[in-house]
1. Only counting other Cβ atoms within 10 Å, I'd like 245, 205 sorted with the fewest neighbours first.
2. Once you list every other residue whose beta carbon is under 9 Å from the beta carbon of residue 167, what net charge do they have if Lys and Arg are +1 and Asp and Glu are -1?
3. Run the reach check for residue 135 against aspartates and glutamates, Cα to Cα strictly under 15 Å, same-chain hits fewer than 8 apart removed. What comes back?
4. Pairing the Cα long axis of helix 15-26 with the longest principal axis of the chain, what angle in degrees results, from 0 to 90 and rounded to the nearest 10?
5. Please figure out what share of the DSSP beta bridges in the chain is antiparallel and state it in percent, rounded to the nearest 5.
6. So if the hydrodynamic radius of region 113-242 is defined as the Kirkwood radius over C-alpha pairs, what does Stokes-Einstein give as its diffusion coefficient at 25 °C and 0.890 mPa s, in µm² per second?
7. Just to confirm a number: summing +1 for Lys and Arg and -1 for Asp and Glu over residues other than residue 332 whose beta-carbon lies under 9 angstrom from that of residue 332, what do you get?
8. Using a cut-off of 18 Å between alpha-carbon atoms, which lysines can reach residue 58, once sequence neighbours fewer than 8 places away in the same chain are excluded?
Amino acid sequence: MNTIYETVDPADIDMTVIRKAGDIVSDGGLVAFPTETVYGLGGDALNPESSRKIYEAKGRPSDNPLIVHIAEFDSIYDIAADVPLEAKLLADKFWPGPLTMIFGRKPSVPLETTGGLDTVAVRFPSHPVAREFIKASGGFVAAPSANISGRPSPTSGRHVMEDMDGRIEMIIDSGECSIGLESTIIDLTSGVPMILRPGYVSERMLKSVLGEVAKDPAVFGTAVSGQPPRAPGMKYRHYAPRGVMTIVSGDADDVISYIRGKIDSRTGGERIGVLACSQDVPGYEGADIVVDMGRTDNEIETASRLYDALRRCDGENIDVIYSEEFDTPELGMAIMNRLIRAAGHNIIKV
Ligand code: AMP
Ligand code: MG
């Protein structure tokens, strides 16, 4: 398939491109588009054939449900069976924005879109290009992240090209995503609202609106034994670079000297990459690549650089990756959730 590649300036949106993209989706095709979190791989959420194509293009298991993206609040009444008061409170505060809410599913949403579940995940993104694209596509766009399943999510048009060129009808490139981590997911279908995936909208922010909030024990490390996560995607290997990755946790000096030791003592020809905060970058001289993850007091910078850092290591054919821990106050939970999965839970305390 020949993939059409278009650049759209969010500050001056070319509606000819948006209309063309909308027509592709309405005709059952797929278009990758920018959002404030990561790039999405969009198809018509109400067309089962489109959802099947999304799974195929990503190589994603079809029991892993898609998020339905809308461009106005009232659209939720067409797809969600019950909309509790909490949803309105959360929408007032965080929509449009990086929050996904889970509701009961209306029959208008095919089971192909929800991975067979009787619930539906809904998000109203804030990115101006995403909003216009969703409207032009009929108002309901099913979209997972626009990466090959298992790889780091795309946060730039170039990342999408790497994974999706030749697999979908069109890519809309609007530069880098401002947040760079997937949306927070909150389940509103039973009892106390429960966070199923951490993201930019933090536990503290959710509590400020809802009072009480629970966290899925299978995702936040408190599960008793082998209980599966309630967001099905969280059970899969995710966000993974090709190299073997280790997170090194401890005081800054100890972490630097541990990783330095690994760099200095390597014997084979393995290529080593390091993910480090700006302050520590000079400490890792001798590594094949040192990715500057931003200053520790700038969490959003670290978040938005994470997936690009992992892809850069792949681009440099890195065999072994060491990462510092980025356990920052507000976004640390979301950043570390991705990093730990990228490292396959490989963490060393020094
Ligand atoms: P992605 O679009 O790649 O960010 O993945 C979307 C994720 O949202 C899935 O992998 C699931 O973990 C989660 N999700 C989507 N729909 C539901 C749902 N109905 N119930 C629980 N989790 C969901
Ligand atoms: Mg994804």
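Every number here is computed from the coordinates shown, using simple stated rules; none is lab data. Just so it is clear, the model here is predicted, and its values are computed rather than measured. A quick note on method: Cβ atoms are made from the backbone with ideal geometry, for glycine too, and the neighbour counts reach across all protein chains shown.
1. On the way: 245 22, 205 17.
So the residues, fewest neighbours to most, are 205, 245.
2. Numbers: positive: 58; negative: 56, 163, 165.
Once positives and negatives cancel, what remains is -2.
3. Qualifying aspartates and glutamates at Cα under 15 Å: 14, 23, 27, 44, 72, 74, 78.
4. Rounded to the nearest ten degrees, it is 80.
5. On the way: 18 of 49 bridges.
So the antiparallel bridges in the chain amount to around 35 percent.
6. Working: Rh = 16.8 Å.
It comes out at roughly 146 µm²/s.
7. Working: positive: none; negative: 299, 325, 327, 330.
Charge balance in the 9 Å sphere: -4.
8. Of all the lysines, those that pass the test against residue 58 - Cα under 18 Å, at least 8 places apart if same chain - are 235.
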